[in-house]
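As structure tokens, the structure follows; a few thoughts come after it.
The values are calculated or read from the model by the stated rules, or taken from the named source; none is laboratory data. Because the structure is a prediction, the values reported are computed rather than measured. Cβ coordinates were reconstructed from backbone atoms using ideal geometry, including for glycine residues, and neighbour counts include every protein chain displayed.
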């Protein structure tokens, strides 16, 4: 993967000028980009969710729009609207912020379900339909959404169909002591994101996205992925497990991770590293699971502990 690894490394290094000490989260963001998927960044306020999204967008030579979701937003505020032109005697489409290559959906759960649903077609099919007319979104296209999992007042829970559209869900967590001191020093005079410049072109992004499809995955590892997904559906504490889209996510994300690390084949370790971010938000726990202190992460740990790791050849 001669072109993917250098591309990923320079994007990651550029982002790390802003996001300090969170290499794993930054790598997962780039994995989502390589998979042409979308990323949900879920964590408490102030840990850098929005900065991660802005840093990724600034690192790419792509058009960028930010949508600050609020309860009074309408779907047309996101997708755009058709306006009647009295001179031409015809309707003209005025594109909304969704018609960009990198879209930051900030605090997505503060919008009403009707407005949230405006993203569904765009995230799944790469297009939007306004007044019966379909508009193709530019490529690459990626939605980076943020939400606060603690404060629920004035928010609307993302429905399962919306959550399932996100390739990965990640969190950043609090920084280590030295990293937090480094953050203070870097922001003494101005925020480092303001100085961040693009390190790759749009063509490089598209070429890297196309290249990961050639990464080899053995039949045994494919079976391993599917078995993990199926076990989430049969788990005693789970009301609804991951759908086949979860298996597809593991498949594509494992290819991206292998390429990011310079390999042209997928290892079981690639799959295990991605199960949590890829499947955790697709699992709905049973009614009594919380009483037994069970959550999607503990289900995934249980599943991984009980699915046999492939021992056969993993190279072509």
All but one of (1) surrounded by fewer than 17 Cβ atoms within 10 Å (Cβ to Cβ); (2) under 25 Å from residue 196 (Cα atoms); (3) in contact with a strand residue (DSSP E or B) (Cβ under 9 Å, 6 or more places away or on another chain) hold for residue 9; which doesn't? (3)
Somewhere in the stretch 163-174, is a residue assigned by TED's automatic domain parsing to the domain that holds residue 46, more than 21 Å from residue 55 (Cα to Cα), in contact (Cβ under 8 Å) with a residue 40 or more places away in the chain and in a helix (DSSP H, G or I)? yes
Here the residues within the stretch 74-115 that are at positive phi and in contact (Cβ under 8 Å) with a residue 40 or more places away in the chain are 80, 107
Take the residues in the stretch 289-307 that are in contact (Cβ under 8 Å) with a residue 24 or more places away in the chain and assigned to a loop (DSSP other than H, G, I, E, B); name whichever of them is nearest to residue 171 (Cα to Cα). 294
Restricting to the stretch 207-222, and then to whatever is free of Cβ contacts under 8 Å to residues at least 40 places away in the same chain and out of contact with any helix residue (DSSP H, G or I) (no Cβ under 8 Å at 6 or more places or on another chain), can you tell me which residue is surrounded by the most Cβ atoms within 10 Å (Cβ to Cβ)? 210
